[in-house]
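Asks: Got a structure for you, written out below as structure tokens; questions coming shortly.
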Amino acid sequence: MKKKVLLMGASGSGKTSMRSLIFSNNPASLTSRLGATIDVEQNHVRFLGDLILNLWDCGGQDAFMDSYLTTQRSTIFQHVGVLIYVFEIESRDMSKDLLYYRDCLDALRKYSPDAAVFLLVHKMDLVTGDKRAALEKKRRELQHESGDVDVTVFGTSIYDESLYKAWSRIVHAIIPNAAVLTKHLTTFAETCNATEAILFERTTFLVIATSATTRAPPSPSNAYSALTSPNSNSTTTTTVTTPNGTNTDPGANVPVSAETADSDPHELSATRYERTSELIKALKHACSRVREEFHVLEMELPEFTAVLDEMTKNTYVLLVVHDPSIGASCLVWSCPVACVGGRGADGGGGYIETAALKINIRLARKKFEELQSSSVVS
């Protein structure tokens, strides 16, 4: 199953850089070496096994844009599943950018009227004043210029989690019956007494689905939110297991942050999914530097236990559990599972063993392989 994705925007708006970050796992520091896209670069990105993203990265120079909208019009805009149009927040010629954008919408209406449209207001890191106000102003302008076309607008930067958030939403819109994965992931999390379960695509670590959060972390010091919060004031050490069974600490101490004093200690960070994607991709990059392959991450802390492990051949799942007093047995997809709770030496709540969570994940794999296959094929 193929989905055609158009990536368009003015030259220098950052299209190729974001593609390099998301699909080639290159760090932001290396994007300055990338050259301008010449005409159209097509990439077939295998996603979730049988779903192939046919990504058309369209060069934004005026000559190319004119060609797309005239001689190549039907070729470019036929059979499009998603249009991603990138605007630079501090564009030097916004009127010309909008003119090309409106022409692209006209072509899309004619050749692919059912295509989803996502607008990325990129390079938000360049805004020196109120970023939220600047984005809201640009959002209103773009929605007005879009007329009757339903558009989704994101503010993005290659230097923070916003790019992962935008692309995760885009990918979620592409996957057929993604709601089915969400429903069963929620059931899985509830069965494991987990605070949350997050399903990531294996290569890009974009978020495919998340469980509905039905329980708040009981600890007044919400370390899980602190772990995935962007402002770092403290550190923790994580263990990464590679396929050959060795343990490595590729990043030495991975910086994580504490909650700000005036925040709700029970509230999960709104950017935790994207920050987790960003951190795991950094760990994968660090592993590759020492010639190891990232395989699994386990964390056992007094406040919570977390396991990131393979769910299917194309996905990883992150299970986060805060409750140390979970019962001795439960059922996952009609299979007996090991105890996911533990007791300390004093008989009180102790660590939740990561081994038990990994058993739960292993027992759920067959079901999620079936769900993933049916979601992609549908």
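Asks: For segment 183-215, which positions are of a type outside the set (Ser, Thr, Tyr), open to solvent by 10 Å² or more (accessible area, probe 1.4 Å) and either within 22 Å of residue 271 (Cβ to Cβ) or under 9 Å from the mean Cα position of the chain (by Cα) (or both)? Walk me through it before giving the result.
Replies: Step one: of segment 183-215, the residues of a type outside the set (Ser, Thr, Tyr) are 183-185, 188-190, 192-194, 196-202, 205-209, 212, 215.
Subsequent filtering for residues that are open to solvent by 10 Å² or more (accessible area, probe 1.4 Å) retains 183-184, 190, 193, 202, 207, 212, 215.
Listed by number, the residues that qualify are 202, 207, 212, 215.
Asks: Residues 161, 190: which one is modelled with pLDDT under 90, in contact with an Asp or Glu (Cβ under 7 Å, 6 or more places away or on another chain) and of a type in the set (Asp, Glu)? Spell out how you get there, then give the answer.
Replies: On the way: 190 fails: in contact with an Asp or Glu (Cβ under 7 Å, 6 or more places away or on another chain).
Only one candidate passes the filter, namely 161.
Asks: Tell me which residues, restricted to segment 142-168, are assigned to a loop (DSSP other than H, G, I, E, B) and among the hydrophobic types (A, V, I, L, M, F, W, C). Break it down stepwise before answering.
Replies: Start the filter on segment 142-168 by keeping residues that are assigned to a loop (DSSP other than H, G, I, E, B), which leaves 146-150, 156-161.
149, 158 - these are the residues of segment 142-168 that are assigned to a loop (DSSP other than H, G, I, E, B) and among the hydrophobic types (A, V, I, L, M, F, W, C).
Residue-wise test of (1) part of a helix (DSSP H, G or I); (2) surrounded by 18 or more Cβ atoms within 10 Å (Cβ to Cβ).
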position: 82; (1), (2): no, yes
position: 85; (1), (2): no, yes
position: 95; (1), (2): yes, no
position: 99; (1), (2): yes, no
position: 107; (1), (2): yes, yes
position: 140; (1), (2): yes, no
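Asks: Please list, ordered by first then second residue, the pairs with beta carbon atoms under 6 Å, 6 or more apart or interchain, first in segment 141-166 and within 15 Å of residue 123 (Cβ to Cβ) and of a type outside the set (Gly, Ala, Ser), second open to solvent by 60 Å² or more (accessible area, probe 1.4 Å) and assigned to a loop (DSSP other than H, G, I, E, B).
Replies: none
Asks: Right, another one. Looking at this structure, is residue 307 at pLDDT 50 or above, among the β-branched types (Val, Ile, Thr) and either at positive phi or open to solvent by 60 Å² or more (accessible area, probe 1.4 Å) (or both)? Show your work before the answer.
Replies: Details: at pLDDT 50 or above: yes; among the β-branched types (Val, Ile, Thr): yes; either at positive phi or open to solvent by 60 Å² or more (accessible area, probe 1.4 Å) (or both): no.
Answer is no for this residue.
Asks: Quick test for you: out of 121, 180, 171, pick the one residue that is closer than 23 Å to residue 60 by Cβ, within 24 Å of the chain's Cα centre (by Cα) and in a helix (DSSP H, G or I). Steps first, please.
Replies: Numbers: 121 fails: in a helix (DSSP H, G or I); 180 fails: closer than 23 Å to residue 60 by Cβ.
After ruling out the rest, the residue left standing is 171.
The values are calculated or read from the model by the stated rules, or taken from the named source; none is laboratory data. A quick note: this is a predicted structure, and the numbers were derived from the prediction, not measured. For neighbour counting, all protein chains shown are included, and Cβ atoms are generated from backbone atoms with ideal geometry for every residue, glycine included. When the accessible area is computed, the model is the full protein with side chains, heavy atoms only, and any ligands, DNA or RNA have been set aside. Shrake-Rupley method; radii C 1.70, N 1.55, O 1.52, S 1.80 Å.
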